[in-house]
Amino acid sequence: MTKLPLLLDFAAQRGLVVVPALRRVSKTTQHVVGRQERQKQAQAAFVYNKSVDIAGKTVLLIDDIITTGATVTAAAMCLREAGARVLVAALAYQRKS
């Protein structure tokens, strides 16, 4: 199951706007490698979607699993380089029935 419907539901209930500011360019599997390899892989995993203007804005970056922090750190760095202030959250969420 894709995580996007859960994210959209979570955002809608809180009045948040979801924007595709990042594009993942690497599909490497992080859970089978060590810390150093995760950091190396994560640094090349994301590119900023230049069609989304986030300069000067605060962005909430949500991840469902943060183990070493390599993926979320790389994503946050990419967003910061685009001029955003980045807040990071790990989120466990279940839709209301």
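Amide H contacts under 5 Å for Phe46: Val25, restricted to partners 5 or more places along the chain or on a different chain, H placed in the peptide plane at 1.01 Å from N. Mean sequence separation of contacting Cα pairs (under 8 Å, at least six apart), scaled by the length of the range 4-90, corresponds to a relative contact order of 29 percent.
Scanning residues 5 or more positions from Val88 or on other chains, those with amide H under 5 Å from its amide H are Leu61, with H placed 1.01 Å from N in the peptide plane. Across the range 43-53, computed HN-Hα scalar couplings (Karplus, 6.51 cos²θ - 1.76 cosθ + 1.60, θ = phi - 60°) run 4, 9, 7, 10, 10, 7, 7, 5, 7, 10, 8 Hz from first to last residue, x flagging Gly and Pro. Taking amide H atoms as placed 1.01 Å from N in the peptide plane, the amide H of Leu22 lies under 5 Å from those of Asn49, each 5 or more residues away in sequence or on another chain.
Computed from the coordinates by the stated procedures, all read-outs in this text should not be read as laboratory data. Please read these numbers as outputs of a predicted model, since none were measured by experiment.
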